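For reference, the structure discussed in these notes is given below.
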Amino acid sequence: MIKIKNYINGELIDPKNQHYIDNIDPSRGKVYSQIPSSDKEDVEIAVKASEKAFETWSNMPKEQRSDIMLKVADLIEERMDEFVIAESLDNGKPISLAKAVDIPRAVSNFKFFATAILHYASESHYMEGVGVNYTVRKPLGVVGCISPWNLPLYLFTWKIAPALAAGNCVVAKPSEITPMTAFLLSKACIDAGMPKGVLNIIHGLGQNVGDAITRHPKIKAISFTGGTQTGKTIASIAAPMFKKLSLELGGKNPNIIFADCDFDKALSTTLRSSFANQGQICLCGSRIFIERPIYDKFKQAFVAKVNKTKVSYPTDPDARLGAVVSKSHMEKILSYIDLAKEEGGTILSGGTQVFLEGEYEDGYYIRPTVIEGLDYKCRVNQEEIFGPVVTITPFDTEEEVLMMANSTQYGLSATIWTENLTKAHRVADVVQAGIVWINSWLVRDLRTPFGGVKASGVGREGGFEALHFFTEPKNIFIKMGERGH
Ligand code: NDP
């Protein structure tokens, strides 16, 4: 059985306490590897190593840092199949998805920030007759990165890459539920010649490792992606310590489909935005609002497509949905389906667990589920389910749909479907979300700001926003002229 190790000070090592926890393959419901159950002692060692490495890493010419990061990207690319298989096994997602999205995106994250740093210019503000201000941006020191299980390497590298590129050293914790590709990343870093202590990856539970990272006084910033409740806990500890905080949290994203949309495109993209990665993407649209004139037509066509969507084991090339990530998560999703019935909803498609045969009989599979007839204010329409469950609701006016769309505590993303340009802009302007897609979904340009409003988060990732977060500006003024004091 594979035993994952921590990556601390450039080496793969056991946790100090020698405790390990089981790692489960959700497609079979079986333990397949063990991961360190690290604690604050391991975090302490990593922080010390990081502090030591910071001096060299932060003063290294950025071209050299960039080269090392590009080498890491190349190694992930060379080992693509190994990473793809590991991600799919750990998370339960179809192998086709890990191959098309997760791992290529981890490569892009490293390449993007390794090169972005080469174009990161400092600003200057000239004052006529007085002087000039120039603003340098310095790395923060040791920073903490904590990421979730849904897009394991994709989101892990989305934080680590800008932090490293900007010259910081990193103590990072992947989700304990999906640690395998972070372990493979450790090996790639060693092989790429990443200096010791620059990146440290510590495996273990959130309440142990995550908490120790959050509380450590030498860790200057926390970049976190995960649930809103965990984000609240982290903020309550880190904010009074004046740490910089980037929090990417939950969502309950609306899909707003107007009658004048391109029907076929709206239909096929909505299928994807509902159920990709078993609905476990923070950007999935889980509340579908359809304008009344096309409600019945859309409903019938959507349900017909959902009924044909294959749920299967991850290596099945025809699988559109794989397993959800864990037994407890499956139970949570099923409990929301029960709640939907209690709240007066009608299940139009799915609504049940799927039992595969043979070696997959104990896996965690759920049929993609479509529910109608629920009030927009009910719990199923307000709380994040984070699974293959969507609700459909008709609307009559723009005002009504915006009121319903904006009614949750969340505000991560939204999609708008209409061929009317003016209406698209008007709705995009007032829908409460950090990211809006018009006539599309999940088209990502890594230069754009990424993040949510309200309980979906604080701060932005992506492009120079991420480099801003991982640096501190210092303004320096030089007097040149006679004016001023
Ligand atoms: P969690 O909040 O449970 O966990 C996220 C990470 O935080 C994990 O590594 C977890 O460790 C760790 N953690 C847990 N408790 C603590 C703590 N007290 N202190 C520090 N770290 C802690 O989220 P999930 O992993 O369940 O991920 C799903 C959530 O992530 C959803 O709400 C989803 O919307 C959100 N998400 C948001 C995105 C965005 O960009 N806005 C993108 C993707 C997901 P452990 O695994 O051991 O619990």
Select from segment 418-439 the residues that are part of a strand (DSSP E or B) and either surrounded by fewer than 20 Cβ atoms within 10 Å (Cβ to Cβ) or touching a residue at least 40 places away in the same chain (Cβ under 8 Å) (or both) and list them in ascending order.
-> I435, V436, I438
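Yes or no, residue by residue, for (1) touching a Ser or Thr at 6+ places or on another chain (Cβ under 7 Å); (2) modelled with pLDDT under 95; (3) surrounded by fewer than 16 Cβ atoms within 10 Å (Cβ to Cβ):
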{"site": "S58", "(1), (2), (3)": "no, no, no"}
{"site": "D67", "(1), (2), (3)": "no, no, yes"}
{"site": "A86", "(1), (2), (3)": "yes, no, no"}
{"site": "I95", "(1), (2), (3)": "yes, no, no"}
{"site": "K99", "(1), (2), (3)": "no, no, no"}
{"site": "S108", "(1), (2), (3)": "no, no, no"}
{"site": "S122", "(1), (2), (3)": "yes, yes, yes"}
{"site": "T135", "(1), (2), (3)": "yes, no, yes"}
{"site": "L153", "(1), (2), (3)": "yes, no, no"}
Top-ranked residue of segment 447-485 - restricted to ones that are within 16 Å of the ligand (Cβ to nearest atom) and in a loop (DSSP other than H, G, I, E, B), ranked as surrounded by the most Cβ atoms within 10 Å (Cβ to Cβ) = G452
Any pair with Cβ under 8 angstrom, 6 or more apart, that starts in segment 290-310 at a residue that is in the same structural domain as F263 (by TED's automatic domain parsing) and closer than 14 Å to T270 by Cβ and ends at one that is of a type in the set (V, I, T) and assigned to a helix (DSSP H, G or I) | E291/V401; F302/T270
Elements of type strands (runs of 3 or more DSSP E) in segment 108-189, at least 2 residues being hydrophobic (A, V, I, L, M, F, W, C) | 131-139, 142-146, 169-173
Looking at this structure, is T181 crowded, with 24+ Cβ neighbours inside 10 Å and either within 8 Å of the ligand (Cβ to nearest atom) or acidic (D, E) (or both)?
-> no
Considering segment 18-76 alone, what residues qualify as being in a helix (DSSP H, G or I) and either of a type in the set (S, T, Y) or touching an Asp or Glu at 6+ places or on another chain (Cβ under 7 Å) (or both)?
-> S50, T56, S58, S66, L75
Number of the exception - H216 against (1) surrounded by fewer than 24 Cβ atoms within 10 Å (Cβ to Cβ); (2) under 29 Å from T393 (Cα atoms) = (2)
Say we look at segment 380-403 and pick out the residues that are charged (D, E, K, R) and either over 24 Å from T422 (Cβ atoms) or part of a loop (DSSP other than H, G, I, E, B) (or both); which of these is nearest to the ligand (Cβ to nearest atom)?
-> E384
Picking from E383, E399, which residue would you name as being charged (D, E, K, R) and more than 22 Å from the chain's Cα centre (by Cα)?
-> E399
Counting only residues that are more than 6 Å from the ligand (Cβ to nearest atom) and not in a helix (DSSP H, G or I), which one in segment 199-216 is farthest from the chain's Cα centre (by Cα)?
-> H216
Just a yes or no: is a residue in segment 318-336 without any contact (Cβ under 8 Å) to a residue 40 or more places away in the chain and within 18 Å of F289 (Cβ to Cβ)?
-> no
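The values are calculated or read from the model by the stated rules, or taken from the named source; none is laboratory data. What you see is a predicted model; the values in this text were computed from it and never measured. When we count neighbours, we look across all protein chains shown, and the Cβ atoms used for this are built from the backbone with ideal geometry, even at glycine.
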